[in-house]
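So the structure is just underneath, and the comments pick up after that.
The values are calculated or read from the model by the stated rules, or taken from the named source; none is laboratory data. Since this is a predicted model, take the numbers as computed values, not measurements. Cβ placement follows ideal geometry from the backbone for every residue including glycine, while neighbour counts extend to all protein chains displayed.
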Amino acid sequence: MTPEAGMRAGQIVASVHDGSFTTRDVADVHLAQIERYDDSIQAFATVDEDMVRAEADWLDRQRDAGARLPLHGVPVAVKDIIDVAGLPTIAGFEPYRENIARQDAAIISRLRSLGAFVLGKTHTTQFAVGDPAPTQNPWNQYKSPAGSSAGSGAAIPSGMSPIALGSQTAGSMLRPAAFNGCVGFKPTRDWMSMNGVIPLSWSLDHLGIYAGNVSDVERVYRQLAGHELEDSDQPALSPPRIALLNEFLEMSDNPVRAHLRDIADRLADAGATVVETDLPVPFEKLFSVHQLIFSAEMAAVHRENLRAYPDHYGPRIRSGVEAGALIPAAALLHAQRLRRAHIDTIDTWFSQFDIVMMPTVSTEACDRAETGDRRFQIPATLLGLPAISLPTGLSPNGLPLGTQLIGKANRDVGLLRAARWINEIAPLIGIPERFK
Amino acid sequence: MDQRQNPGAGEYYRRLTSAARDDYGEQRAGELDDQLRHLSEMMAGVAGQRLTLTDAPIEQLPRQDRSGQ
């Protein structure tokens, strides 16, 4: 038996455990897929083939010695703001091209201890802000792969990696999942140490996981977060109580709105309780609070570096940093207090539902000069709630559409189980034909 | 929370533009205009959301590092 590009992580682990194939086989097939497609897709900023093969061989020796690790043989593509020892952390910023990480970020150390290996570093918008990355959308080369985790989002549906890591400070995990047509999961804030990750906004930054299916996301999340082991292929929970958010449907383009209504109808037919409602805090209030915190913290992170390298900063991040530096301290503190108040208000409201459902993005993938509408991903980021985007359909233009599910704080596993139940009713779109 | 009408973004825009001129010069302040307009609207949106003196105190202590958990 030989591995294939596009295999599920769960299949890889089982096959490496039972000896059907080796981690080296897994590495070779994914390196071949990168060789074949990445000249056009440009998901990867750095791939060190020798390092990949050496790590795969080491994992095979571990297996030969009797080890059966929980993620044994699973390749992971890593957003290029996350340190991987021996590889540069460029972050889309030319002066960092030789910025070789001396040690792994906390999440990479954990992945390696679980038997996964790093396939390479993926393109990001510069410092995870809004200046587009070079990556193409695997479904249409003229369309945006979104941002900031553009390369990680594109690596999954092009069969180059079964798992990828990204980050979200506004919408940078979920929007690439929707535009590229993969599953993207942003757990509850603070689920994982940010050590070894270039920050953008300390209080808003989240790490997240991409995969081609919910089971693989759950498998990796459970292992990383240290949840009690449980077979992630087991049947999901009973039909959930779903809050379908009208405000966001009204802000969506017609194909997005029609698709989500169709999904909601199918879930209701299958036994879910679907209630059309709104958050108890209007979106515009959440948006302004997020934008003030985001802008002020981004300015604090980047101000000194911008002074040192003004000509190397992209126009959007540069103007964002300069404007953010002008925010008065009292305004920032007021925004932080409002954030706390809104978290409490929405937490109380959430007790009547299991999950919130809304489109991941208001539109299908936009043109490549932009990275897309970040508004719909901001509530979960600001509130620190777990959120997942499922690629549940294609637009009339043949582009993926995402369904966003938001769970309660620290109920990440419950959200993932609800996502698996929904998947049984609304199957995922799979990957484009040309990558199979 | 008392949710009074937002005061509008004009005054914030004037203050931000003035500060940008002081810090970055006339030309750069002009290039930042879109950002300054956006930010002034956001500041007005935040200022329009009122809290009592005792609502939502800021947590002063840093969180524990959770590496390895």
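Data for the structure
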| quantity | calculated |
| --- | --- |
| Count - residues of region A:308-324 that are surrounded by fewer than 17 Cβ atoms within 10 Å (Cβ to Cβ) and either among the acidic types (Asp, Glu) or within 9 Å of chain B (Cβ to nearest Cβ) (or both) | 2 |
| Residue within region A:284-307 that is surrounded by fewer than 22 Cβ atoms within 10 Å (Cβ to Cβ), part of a loop (DSSP other than H, G, I, E, B), free of Cβ contacts under 8 Å to residues at least 60 places away in the same chain and within 11 Å of chain B (Cβ to nearest Cβ) present | no |
| Matching residues, region A:325-341, being assigned to a helix (DSSP H, G or I) and either more than 7 Å from chain B (Cβ to nearest Cβ) or touching a residue at least 24 places away in the same chain (Cβ under 8 Å) (or both) | A:329, A:330, A:331, A:332, A:335, A:336, A:338, A:339 |
| Flag for residue A:90 being surrounded by fewer than 22 Cβ atoms within 10 Å (Cβ to Cβ) and touching a Pro at 6+ places or on another chain (Cβ under 8 Å) | no |
| Selection status of residue A:220, β-branched (Val, Ile, Thr), within 20 Å of residue A:411 (Cβ to Cβ) and crowded, with 22+ Cβ neighbours inside 10 Å | yes |
| Search result, residues across region A:336-375 that are within 25 Å of residue A:292 (Cβ to Cβ) and among the aliphatic types (A, V, I, L, M) | A:338, A:341, A:343, A:346, A:356, A:358, A:361 |
| Flag if residue A:281 is assigned to a loop (DSSP other than H, G, I, E, B), within 14 Å of chain B (Cβ to nearest Cβ) and buried (at least 17 other Cβ atoms within 10 Å of the Cβ) | yes |
| Unique residue being in contact with a strand residue (DSSP E or B) (Cβ under 9 Å, 6 or more places away or on another chain) and closer than 20 Å to residue A:168 by Cα when the list is A:318, A:339, A:374, A:368 | A:368 |
| Some residue of region A:162-175 being within 14 Å of chain B (Cβ to nearest Cβ), in a strand (DSSP E or B) and either surrounded by fewer than 24 Cβ atoms within 10 Å (Cβ to Cβ) or touching a residue at least 60 places away in the same chain (Cβ under 8 Å) (or both) | no |
| Residue among A:190, A:216 that alone is on the phi > 0 side of the Ramachandran plot and charged (D, E, K, R) | A:190 |
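Rundown of residues vs (1) touching a Phe, Trp or Tyr at 6+ places or on another chain (Cβ under 8 Å); (2) among the basic types (Lys, Arg), yes/no style:
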{"position": "A:187", "(1), (2)": "yes, no"}
{"position": "A:202", "(1), (2)": "no, no"}
{"position": "A:209", "(1), (2)": "yes, no"}
{"position": "A:215", "(1), (2)": "no, no"}
{"position": "A:219", "(1), (2)": "no, yes"}
{"position": "A:257", "(1), (2)": "no, yes"}
{"position": "A:263", "(1), (2)": "no, no"}
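This table checks each residue for (1) at the interface with chain A (Cβ under 8 Å from one of its Cβ atoms); (2) surrounded by fewer than 12 Cβ atoms within 10 Å (Cβ to Cβ); (3) at pLDDT 85 or above.
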position: B:6; (1), (2), (3): no, no, no
position: B:12; (1), (2), (3): no, no, yes
position: B:22; (1), (2), (3): no, yes, yes
position: B:26; (1), (2), (3): no, yes, yes
position: B:35; (1), (2), (3): yes, no, yes
position: B:42; (1), (2), (3): yes, no, yes
position: B:54; (1), (2), (3): no, yes, yes
